[in-house]
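Just below is one structure, and these are the notes that go with it.
Here, each number is a calculation from the coordinates, and none is a lab measurement. None of these values were measured; they are calculated from a predicted model. Cβ placement follows ideal geometry from the backbone for every residue including glycine, while neighbour counts extend to all protein chains displayed.
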Amino acid sequence: MKPPIPEKTRFDQTRASDPKKSAWVAANAGSGKTHVLAQRVVRLLLQGGRPDRILCLTFTKAAATNMSERVFRTLANWATFSDAELGDAIAATGEKRPDSPKDLAAARTLFARALESPGGLKTLTIHAFCERLLHIAPFEANVPANFSVLEDQQKTELLERARADVLQAAAENAALRSALDIVARDGGVDFEKTIGSALEKRAAFRELKAEAAHQRLRTALGAGAQDTVDSVLRAIGTGDLPPEDWPKVAEFMSTGSATDKKYAAAFRAAQEHWRTGDLEAASERLASIYLKSDGGPAKLLTKPLATARPDMLESLEAEQSRLMLLWDRLAAVRVCERTLALSVVVNAVADRYEHYKSMRQCIDFDDMIERTSTLLTRSSAAWLLKKLDGGIDHILLDEAQDTSASQWEIVERISADFFAGEGQAQQVRTLFVVGDEKQSIFSFQGAQPELFSTKRRMFAQKIREADGEFESVELHLSFRSSPGVLAAVDEIFASPERSRGLYGGQDHVKTVHEAWKREQPAVVELWDVIAPSETEPSRDWRLPLDYRDETDPAVASARRIASVIAGWLRDGEPIGTGPGRRAIRPDDIMILVRRRDAFFEAMIRALKEKGVPTAGSDRLALADHIAVMDLLAIARAALLPEDDLTLATILKSPVFALDDDDLIALAPNREGALIQALQASERFQHQAACATLDRLGRMARELTPFDFFARLLGPMGARRAILARLGPEAGDVLDEFLNLALQHEGKTTPNLRNFVAEVESSEGTIKRDLDTGAGQVRVMTIHAAKGLESRIVFLPDVCATPTTRLDFPIFLLDTGSGPLPVWSPRKELDCAGVAALRADKKEAGLQEYRRLLYVAMTRAEERVYIGGHRGKTELQPESWRLMLEQALGANARTAPAPWSPDETILRFADDPSDAPFEKTEAAGPAEKTELPDWLTRPPRAPQA
């Protein structure tokens, strides 16, 4: 029996879903925010709101679908309820219980109204909403009338073509060639990465086309309007200690210690470089005297010399202060010149990219937001605002913590008339926002958690000034996690250091969680960190460079986890309490990582080795997947069967299924090509393979790429063979591969050879839906797990910190008139302004790193197992592992390790979790269903 929901929570849910008031809801993880959002929609409909005037915006398609399903499921149930049941259901939403048959009948019709209303209930991602808006006014928005939206792979392809065009054009364009030289010189081996990163900020780089923006950039970084590298270098010699005095200083320093003599030699070298006009070298020599390796001021004289000549020390220190300012100006000038060079390249690539999009009549996702925002600010779009505003009475925004600044602008503009003028006076129009700053982990998509509080204050003031009602609601009760898990979460973020950034930059706010499942057992365990061996094991030189054996910490950690899970499934380890207590199933388990790295692959491999059902990777690189590689090789062999290596490769693929013995009987000591030996062989396997190859050759000559692969995968049985060998995850890959073949036919003349080359050069990935688990252990990133939950969560990736990854080379600088980009590839090239930006970026990254831990911990219902592995370097103080040890270690006790009774772990848990577990029978494998033979049998020939 489920425990009752506390009255305080019911009261807060009712306040948040009140259709007559605008509301801003801060909801902890698992606190039922989607339920409240759906409940508010239902109450709006009960109050007479028109379905087509309600707009629900969310972050992902899955969330939009979930939201819509909840509303329609509720309304569908109401249509079949008895009067008493319907009255109870309506009262449970917070509305008054109907007291007349007419009201009950009206409630029963809501399902039909929501389905049949023109336009219907708008439950959309913000990008889908923008797409609809742009289709209404394509001319005003400056988009093609029948535009389509570029998929990621198509976008990558067009950008690659645009880059290639620019590199080719540089041969005849001196300015572009000069800019490319600077970018290649300073970008080094990261040239492609630099261009790609800059293109993600191409809107900011576009601003640098204007000369006025150049001056804004210079001023913001501390460079003079007329400063050049040469002019700043020449200013080095204009101080009170000019170059002609440097030999005198060197002579004095030569009487001192070894350090003084080293500085004396540097002064002499600097003076010689200055005399010969090598100002750059002179500057570097002076910097070796006046600056420490970290860029701070160096100690200039040893104590005996400083005592003997205090005037010399004073003169040197004054010169040091002057030169440090000059060197910062010099760095600022170089940052500006480097950034402007990059802007020339990026804008050239962006222009070609825009050209290709225009030719295809396409826009990308960034265009959607930018064009919609521009459209809603234009005076010429006033009629559109009127039309849109007349069609929307209520806006509901989900996952508001992940809404970017540009997306907030759109929400502000479409709601502008809600609380002003005639739009506010005519009827009650509301805004509902729900989110959780603590779960803002998508900064790479523009999310800024501090905007959640900023926008709350702004909208609250605007609504109250318009005499509207505004509720600010907090939901603390978790319907997901057990008390022990929530206690661990609160303990982890109890200190100011560990909670910094959890609430969007506010001062320390202690997290408060309450559990609905008060009797639910909980386990939170800290396993020891696996470190590398102190002695480097001998390595076979024939192995790949990225090969990892069983002694590698990542592999050892993965195998340990897989062994524990396999033991649970084998022994029927129980989970839960009361009547719901049962054996653990594979889909009860989720393994969360920060990145898809070597451990990620090792984890999936270890589970498969132990026979644990696993869903595989949630992201798959299409061209690198073995199933796609096999299909492409089959196509190449069909086009050119004389290619011995390709033919040998496909003969061992699942489609032909020959083994080494078959190839050894065929290939060695043959005369001529492998295909000739295959054709001459009398073995049944070889004859069957030869017949299949002949058929494939005819198909390659006669069919389009889609028809070729569809026939290969379908009637010829390749899909069945591939899935039998590679597992169900290959099914998603094959489906996406066929989609690519279909897209190829839609954009160019179908050609199998061209399609094969296109796929092999692509870098596209496919996203797999692992929401439910479907009887399998899920291994996924924390970002992909956002919004999901699991009975058991493993956190094995807790030792690495984001410091290196966050050392970004391109920053956005606020100049007061909009952000401008700044490119500084390495810290030693920073001026003071860029160093501050880099420090801010690093701190923001560490804050998101802590929020990521919050999201990971709160995916768990009952158990959290925290492992870890590290490299040769020691753990950083900011690492999750040390945070967890500091927070939980004092209140944890030792317990036997689940993989070995001879080892121990630390367990932090509440009292119910310490109750002894009774062993139950393991869940048996799912019953296998055989497909009917007619499904794959060729159809009979029609009778005459």
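Could you check what % of the DSSP bridge pairs in the chain are antiparallel, to the nearest 5?
For the chain, the DSSP antiparallel bridge percentage is about 30.
Mind ordering 120-132, 446-458 by average Cβ neighbours within 10 Å, highest first?
120-132, 446-458
So what is the relative contact order of the chain, in percent, for Cα pairs below 8 Å that sit 6 or more residues apart?
Rounded, it is 17 percent for the chain.
For ALA416 and GLN876 in the same chain, what is the full-extension length gain: residue separation times 0.36 nm, less their Cα-Cα distance, in nm?
Full extension of this stretch gives 160.9 nm more.
Go ahead and run the numbers for FRET between SER406 and ALA212, Cβ-Cβ distance against an R0 of 25 Å, rounding to 0.05.
Efficiency at R0 = 25 Å is approximately 0.65.
Using the basic label-point model (7 angstrom from Cα toward the beta carbon), what is the GLN679 to ALA92 distance in nanometres?
Going from the GLN679 label point to the ALA92 one covers 7.3 nm.
Return the calculated 222 nm mean residue ellipticity for the chain, to the nearest 500 deg cm²/dmol, obtained by summing -39500 (n - 2.57) across DSSP H runs with n ≥ 4 and dividing by the residue count.
The per-residue figure over the chain is -16000 deg cm²/dmol.
Treat each spin label as a single point 7 Å out from the Cα along the C-beta direction, and report the LEU742 to MET359 distance in nm.
2.6 nm
Using unit Cβ charges (K, R positive; D, E negative) and no other charged atoms, how large, in debye to the nearest 20, is the dipole of the chain about its Cα centre?
1520 debye
Determine the gain in length on full extension of the stretch ALA895-ASP230; use 0.36 nm per residue of separation and subtract their C-alpha separation, reporting nm with one decimal.
That works out to 232.6 nm of additional length.
What is the spin-label model distance, in nm, from GLU151 to SER495 if the labels are put 7 Å beyond Cα along the C-beta direction?
Output for this residue pair reads 4.9 nm.
Distance from the Cα centre of the stretch 324-368 to that of the stretch 840-887, in angstrom?
35 Å
Once the Cβ-Cβ distance between ASP467 and ARG10 is put in as r, and R0 is 30 Å, what FRET efficiency do you end up with, to the nearest 0.05?
In this case the efficiency is close to 0.60.
Report, largest value first, the span of the C-alpha coordinates of the stretch 634-700 along each principal axis, in whole Å.
Answer, in whole Å and largest first: 30, 23, 19 Å.
Which FRET efficiency, nearest 0.05, do GLU192 and ARG108 yield, Cβ-Cβ r, R0 56 Å?
After rounding to 0.05, the efficiency reads 0.40.
With θ set to phi - 60°, apply the Karplus curve 6.51 cos²θ - 1.76 cosθ + 1.60 along the stretch 450-457 and write out the HN-Hα couplings as whole Hz, x wherever there is a Gly or Pro.
5, 5, 4, 6, 4, 5, 4, 5
Eigenvalues of the Cα gyration tensor times 5, then square-rooted: what semi-axes does that give for the stretch 150-360, in whole angstrom, largest first?
47, 16, 15
Kindly give the semi-axes, whole Å and largest first, of the ellipsoid equivalent to the chain, taking each as the square root of 5 times a Cα gyration tensor eigenvalue.
With the √(5λ) rule applied to the chain, the semi-axes are 50, 42, 35 Å.
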